[in-house]
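Written below as structure tokens is the structure these notes are about.
The values are calculated or read from the model by the stated rules, or taken from the named source; none is laboratory data. The structure displayed is predicted, hence computed values, not measured ones. Heavy atoms of the whole protein, side chains included, go into the accessibility calculation; ligands, DNA and RNA do not. Shrake-Rupley method; radii C 1.70, N 1.55, O 1.52, S 1.80 Å.
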Amino acid sequence: METEYIVCSSITYALKGQDILQRYGISSSVVKPPKLSVGCGYSLAVDARIKDTVLNILKAGGIKLAKTARG
């Protein structure tokens, strides 16, 4: 599985995002992504195949995102 790192604006948003995704049955991990240094540097690691769905869910849930990166 290829991983997509969704960089959040803070650890708080990363944890809230993880909770929202869990309600939709989507597995994620809060991690410090490799080779990225944006904001606090915490990200949600998700399956890259569902990146667009995850981004839509997070945005609808009010999660502030900085960027995404594939790892």
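Leaving out ligands, DNA and RNA, what percent of the accessible area of the chain is carbon and sulfur, probe 1.4 Å? Within the chain, the accessible surface is 48 percent carbon and sulfur. Karplus-derived 3J(HN,Hα) values for segment 62-69, using 6.51 cos²θ - 1.76 cosθ + 1.60 with θ = phi - 60°, are x, 7, 7, 10, 8, 5, 10, 8 Hz; glycine and proline are entered as x. If you compute Cα extents along the principal axes in Å for the structure shown, which of [x] 33, 29, 17; [y] 32, 26, 21; [z] 28, 26, 16 do you land on? Working out Cα extents along the principal axes in Å from the coordinates points to [z].
For the chain, what is the calculated [θ] at 222 nm in deg cm²/dmol (nearest 500), taking -39500 (n - 2.57) for each run of four or more DSSP H residues and dividing by its residue count?
For the chain, the value works out to -10000 deg cm²/dmol.
Protein heavy-atom accessible surface, 1.4 Å probe, per residue over the chain: 59 Å². Comparing VAL46, VAL31, VAL54 in a Gaussian network model of the chain, where Cα atoms under 10 Å apart are tied by springs, the biggest mean-square fluctuation is seen for VAL31.
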